[in-house]
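All remarks here apply to the structure that follows.
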Amino acid sequence: MFVDMAQRELIAAIDLLAAGDWRTAHDIVQKDDSTLGAWLHGIVHTLEGDDDNARYWYRQAGRTFRGRTAVEEEIAAARQAASVG
């Protein structure tokens, strides 16, 4: 599978989110305009506790906002999507 630089950065952002480092992940995802980037941006704001902003980014990604209780599942699903895409 070919992975370009943007994809590598998003995968790094997923690793950062899994580690709880949403601030550094935010620096990465705010520069990306892909659907995956928007989803990750939503996860960032979920971890930050900014649900209104998280909902906005989930809408941009075409995904349903599930809240903080589902964030680990969301990170796992995003990792799966990044490995397929």
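The values are calculated or read from the model by the stated rules, or taken from the named source; none is laboratory data. Only a predicted model underlies this, so the values are computations on that prediction, with no experimental measurement involved. We place every Cβ from the backbone using ideal geometry, glycine too, and count neighbours over all the protein chains shown.
Just to check your reading of the model, which residue among 23, 59 is in contact with a Phe, Trp or Tyr (Cβ under 9 Å, 6 or more places away or on another chain) and of a type in the set (D, E, K, R)? None of the others qualify; the one that does is 59. Within the stretch 75-85, the set of residues being modelled with pLDDT of 95 or more, more than 18 Å from residue 30 (Cα to Cα) and surrounded by 14 or more Cβ atoms within 10 Å (Cβ to Cβ) comprises 77 only. Could you tell me which residue of the stretch 55-70 is farthest from the chain's Cα centre (by Cα), considering only residues that are surrounded by 16 or more Cβ atoms within 10 Å (Cβ to Cβ) and within 26 Å of residue 5 (Cβ to Cβ)? Top of the filtered list is 63.
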